[in-house]
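The values are calculated or read from the model by the stated rules, or taken from the named source; none is laboratory data. From a predicted model like this one, the values you see are computed outputs, not experimental measurements. All Cβ positions, glycine included, derive from the backbone under ideal geometry; neighbour counts span all protein chains shown. These accessible areas exclude ligands, DNA and RNA; they are computed on the full protein's heavy atoms, side chains included. Shrake-Rupley method; radii C 1.70, N 1.55, O 1.52, S 1.80 Å.
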Amino acid sequence: MPEGHTIHRLAADHSELFGGRPVRAGSPQGKFADGAALIDGQVLEHAEAHGKHLFLSFPPTGWVHVHLGLFGTYTLGRAPAPPPTDTVRLRLSTEAAYADLRGPTACALITDDEKQAVHDRLGPDPLRPSDDGDRAWARISRSRTSVAALLLDQKVVAGVGNVYRAEVLFRHGIDPYRAGRDLTRAEWDAIWADLVALMREGVRNNRIDTVRPEHTPEAMGRPPRVDDHGGEVYVYRRDRQPCHICGGEVRTAELAARNLFWCPNCQRR
Ligand SMILES: [Zn+2]
């Protein structure tokens, strides 16, 4: 499942490639044929993301709402576009660029009110400049649920996925099983500020890097991480490997239906 930085990056890429221009829209697969016909030839006015939801504005028709889910993928590029395959739910294209969406959980034309209802269901997003951590803190500070489960709950914080959850808790030395209400306000404010910074860097680089300068491969004289997710991290998918800080073994367990990774030495209750 992509994390929020990927969706914000997709919104920025849509704005850059298609924003302010009339676009051709089609659904080679057929499942979004009616919606695509309605926006075909219209101008993409604006693209934005909230958590893992992408919204493309085609006034006056409405918004295309996309959620990639577990299996959805986007391919964006400069023209010429490859011949569309029948797995493409939505293709947007201009003379200069194309975007192919495959396998999303959601791809629908929605109204302003329906879009607002999606925002209302979601918690604040560290990547939305108008959002802050207060609304999330109101829920976290009252909850007996573990902070690791709360961070993945999109109603609490939108856009954080499995990698950022594991990494931000490590960076702040917080045991993932600690209850939300046992976090201090100062700890939460630091976590939120760190998510904002880490996820912005994720949008810029299109990958997740979370190690501080003193823990990069160059600084530590260790080989770079080899993983198809890319990026230098402290604990994510590093189970049974030595912690970069204490040398102890990184552990894994299932929590909220996802694999959690943490260092029991460095992360306290
Ligand atoms: Zn450690």
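Brief remarks on what is shown
- So residue 187, is it open to solvent by 40 Å² or more (accessible area, probe 1.4 Å) and among the acidic types (Asp, Glu): yes
- Count of segment 219-234 residues which are part of a loop (DSSP other than H, G, I, E, B), within 15 Å of the ligand (Cβ to nearest atom) and either under 16 Å from residue 207 (Cβ atoms) or open to solvent by 70 Å² or more (accessible area, probe 1.4 Å) (or both): 2
- Restricting segment 235-251 to residues that are farther than 18 Å from residue 172 by Cα and exposed (fewer than 13 other Cβ atoms within 10 Å of the Cβ), the residue that is farthest from the ligand (Cβ to nearest atom) is 240.
- Filter result (farther than 23 Å from residue 203 by Cβ, within 20 Å of the chain's Cα centre (by Cα) and of a type in the set (A, V, I, L, M)) within segment 93-139: 108, 117
- Of the numbered criteria (1) modelled with pLDDT of 95 or more; (2) open to solvent by 30 Å² or more (accessible area, probe 1.4 Å); (3) within 16 Å of the ligand (Cβ to nearest atom); (4) of a type outside the set (A, V, I, L, M, F, W, C), the one residue 201 fails is (3).
- Filter result for residue 95 (in a loop (DSSP other than H, G, I, E, B) and open to solvent by 50 Å² or more (accessible area, probe 1.4 Å)): yes
- Only one of 254, 214 that is away from the ligand (no atom under 16 Å from the Cβ), free of Cβ contacts under 8 Å to residues at least 40 places away in the same chain and not in a loop (DSSP other than H, G, I, E, B): 254
- Selected residue (only one of 44, 10 is in contact with a strand residue (DSSP E or B) (Cβ under 7 Å, 6 or more places away or on another chain), farther than 24 Å from residue 160 by Cβ and surrounded by 15 or more Cβ atoms within 10 Å (Cβ to Cβ)): 44
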